[in-house]
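Peer 1: Here's a structure for you.
The values are calculated or read from the model by the stated rules, or taken from the named source; none is laboratory data. Here the structure is a predicted model, which means the values were calculated and not measured. Ideal geometry is used to build each Cβ from the backbone, glycine not excepted, and the neighbour counts take in all protein chains shown.
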Amino acid sequence: MAGVVVCHGSSSVRERLVVTSIGVPSLAPVRAAASADELLALARRIPPTVVLLDAHLPAPGPAEAIRRLRTVAPSAAVVVLAGPDDGEALDRALALGARGFLAPDVGRAELAAVAAHVQASPVTSAPLVPQPVGPAPAAPYEGRPATSLRPGDVPAQLTKREIEVLVGMSHGRSNAQIGQELYLSEDTVKTHARRLFRKLGASDRAQAVAIGLRRGIID
């Protein structure tokens with residue numbers, strides 16, 4: 001497993017993402033593909049750690065690309081490049097195990113944080129939900145399962161302590177390390193983590209950090 005493959009049908013978007021990814025050491029080497037066939041050919045040679053996949057990839061489309069990728073690189077973490085209006089494509093991708101989604105104009109800092117947590121967390125069969133977009137009102141989704149959130153849903157606001165835990169996650173710290181910094185037990189940190197995951201509609205650290213960066217909750 002090595003590096004990232006940027007798979008996007010638009011040459012301009014693909015080139016920008018390649019340049020952005022090159023600035024993230026943990027994503028090296030950076031390779032590019034313009035189609036599902038090119039992605040699979042690259043994955044057969046060296047399975048990637050992360051795949052940034054176009055939600056509008058030309059036929060056979062992103063869902064089929066993920067399905068085929070699973071046969072040659074089952075441990076690759078797929079992150080779909082999409083907007084909040086791409087719900088249908090995202091639903092299919094997430095059902096096939098995509099880790100979540102990012103906007104095509106994702107920045108270097110966000111890619112670095114996501115890469116760090118994707119690499120620290122094993123790929124599981126449980127997909128992540130798309131990251132919500134927009135301001136956060138009071139907690140209308142409290143207690144609702146994260147997997148029921150859809151693009152356009154808005155999560156609850158985080159408490160100060162939950163933000164501190166999220167910042168620790170963004171720095172790649174373990175729950176025990178976060179607890180030492182905040183003078184909390186590891187179990188208490190885990191409780192805060194579960195609550196912030198639910199509020200953000202995230203299923204693991206990678207998605208929580210991505211959402212936090214996108215919404216400006218953390219830097």
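Peer 1: With respect to Val5, is the statement that it is within 25 Å of Ser203 (Cβ to Cβ), modelled with pLDDT of 95 or more and aliphatic (A, V, I, L, M) true?
Peer 2: Criteria met by Val5.
Peer 1: Of the residues that make up region 32-47, is at least one at pLDDT 90 or above, surrounded by fewer than 20 Cβ atoms within 10 Å (Cβ to Cβ) and closer than 19 Å to Ala112 by Cβ?
Peer 2: Looking through region 32-47, at least one residue is at pLDDT 90 or above, surrounded by fewer than 20 Cβ atoms within 10 Å (Cβ to Cβ) and closer than 19 Å to Ala112 by Cβ.
Peer 1: Considering only residues that are of a type in the set (S, T, N, Q) and touching a Lys or Arg at 6+ places or on another chain (Cβ under 7 Å), which ones fall in region 160-206?
Peer 2: Asn175
Peer 1: List the strands (runs of 3 or more DSSP E) inside region 17-123, counting only whole elements, that have at least 3 residues being within 29 Å of Leu200 (Cα to Cα) and touching a Leu at 6+ places or on another chain (Cβ under 7 Å).
Peer 2: Here the list reads 50-54, 77-81, 100-102.
Peer 1: Please list, ordered by residue number, the helices (runs of 4 or more DSSP H) wholly in region 162-217 having 3 or more residues that are in contact (Cβ under 8 Å) with a residue 60 or more places away in the chain.
Peer 2: 205-214
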